[in-house]
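Written below as structure tokens is the structure these notes are about.
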Amino acid sequence: MVVTPVTHWHGPAGPQPSAPHVNAVSIDFALEGITMESSIACDWKAFDETALAISSLRIVVLGFHSHEDLSRFGAEVVDVYFERLRTAGKLKFAIWDSKSERWKRASRDSDATEATNLYKQLLFMI
């Protein structure tokens, strides 16, 4: 999750703190020990509803081991439960390239990927 730091704005009584904003959520399914079965078994409908309730949320990035995992998750979760996130255009996908140790941008519509310079912990930047 990426949170914008607390900033201050000047109100009638002087500087006032503003609430931090969640800009991005990334979920790394390429972590060791995470299976697609356990990933698919989560309450994704609640996630879809909760994510869109965050008004500052710009993007949800999902990272996978392979395009096969992305395709399966897409068919079993994204198509079924992520109606709001899909419609809002807030979903992005990535595949972990263990050879280069970098994320690659991916699409559900194509097997093609786009190389990035993003290390494991930078998934949210896809």
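The values are calculated or read from the model by the stated rules, or taken from the named source; none is laboratory data. Computed from a predicted model, the values in this text were never measured in an experiment. No Cβ is skipped: glycine too gets one built from the backbone with ideal geometry, and neighbour counts run over all protein chains shown.
Please find, within the range 21-51, the residue that is surrounded by the fewest Cβ atoms within 10 Å (Cβ to Cβ) out of those that are among the β-branched types (Val, Ile, Thr) and in a loop (DSSP other than H, G, I, E, B). So the residue we want is THR35. Within the range 52-64, the residues that satisfy the criterion of being buried (at least 19 other Cβ atoms within 10 Å of the Cβ) and either without any contact (Cβ under 8 Å) to a residue 60 or more places away in the chain or part of a loop (DSSP other than H, G, I, E, B) (or both) are LEU57, VAL60, LEU62, PHE64. Note on the range 1-45: residues that are among the β-branched types (Val, Ile, Thr) and at pLDDT below 80 total 5.
Filter the range 72-84 down to the residues that are among the small types (Gly, Ala, Ser) and surrounded by 15 or more Cβ atoms within 10 Å (Cβ to Cβ) and list them by number. If the condition is that a residue be among the small types (Gly, Ala, Ser) and surrounded by 15 or more Cβ atoms within 10 Å (Cβ to Cβ), then GLY74 is the only one that fits. Taking ALA75 as the residue in question, decide whether it is farther than 20 Å from ALA24 by Cβ, of a type in the set (A, V, I, L, M) and modelled with pLDDT under 95. Considered against the rule, which asks whether it is farther than 20 Å from ALA24 by Cβ, of a type in the set (A, V, I, L, M) and modelled with pLDDT under 95, ALA75 comes out as no.
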